[in-house]
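Values in this text are rule-based calculations from the coordinates and carry no lab data. All values reported here derive from a predicted model rather than from experimental measurement. Positions of Cβ are backbone-derived with ideal geometry, glycine not excepted, and every protein chain shown enters the neighbour counts.
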Amino acid sequence: MVEAVSMLALLGVSTSEDTVGPSWLQALKDPQLMVALSALHQGPNRAFLVEDLARLCGMSRSAFALRFRALVGTPPSRYLAQLRIDRCQVLLDESDLSLEQVATAVGYSCAAALSHAFKRAKGHAPGRQRRSRRP
């Protein structure tokens, strides 16, 4: 937990105790879910299944899914999808990787799959995101 909080502080994320409601910060207080969140953040390009994450946490699939949703506020699969899109946005803004390379880096099978997911999540295409980055 201390390591996770230290990492968040370095990223400029508030770790104050006044967080209300479900959030991944709340889930970091749960030792079992912290294992799953760590795995997701360290390897968002991996093909995680709920069963895999539950096994990592030493929990049943259903117990894990219920606890994750209760503490994080979203199902594990949706959390991973959002994490991938967030990472994609950073790579588009801060690198010159091709869209195919970005797709592979964040766990999509191809640029078309990434483009579809990105547009659904952000409301615009990845190319527009890249063109809008600051010099």
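Structure notes:
- Note on the stretch 81-131: Kirkwood radius taken over Cα pairs, Stokes-Einstein applied at 37 °C and 0.692 mPa s, translational D equal to 319 µm² s⁻¹.
- Volume in Å³ per residue [convex hull over Cα atoms, computed for the stretch 23-125]: 95
- Scalar couplings 3J(HN,Hα) for the stretch 124-129, obtained by applying the Karplus form with A = 6.51, B = -1.76, C = 1.60 to θ = phi - 60°, are 8, 6, x, x, 5, 4 Hz; x denotes Gly and Pro.
- Net charge contributed by nearby residues that have their C-beta within less than 10 Å of Val72 (K/R +1, D/E -1): +2
- Near Asp52: Cβ cut-off under 11 Å, other residues only, Lys/Arg at +1 and Asp/Glu at -1. The net charge is +2.
- FRET efficiency, Val90 to Ala47 (Cβ-Cβ, R0 22 Å, nearest 0.05): 0.60
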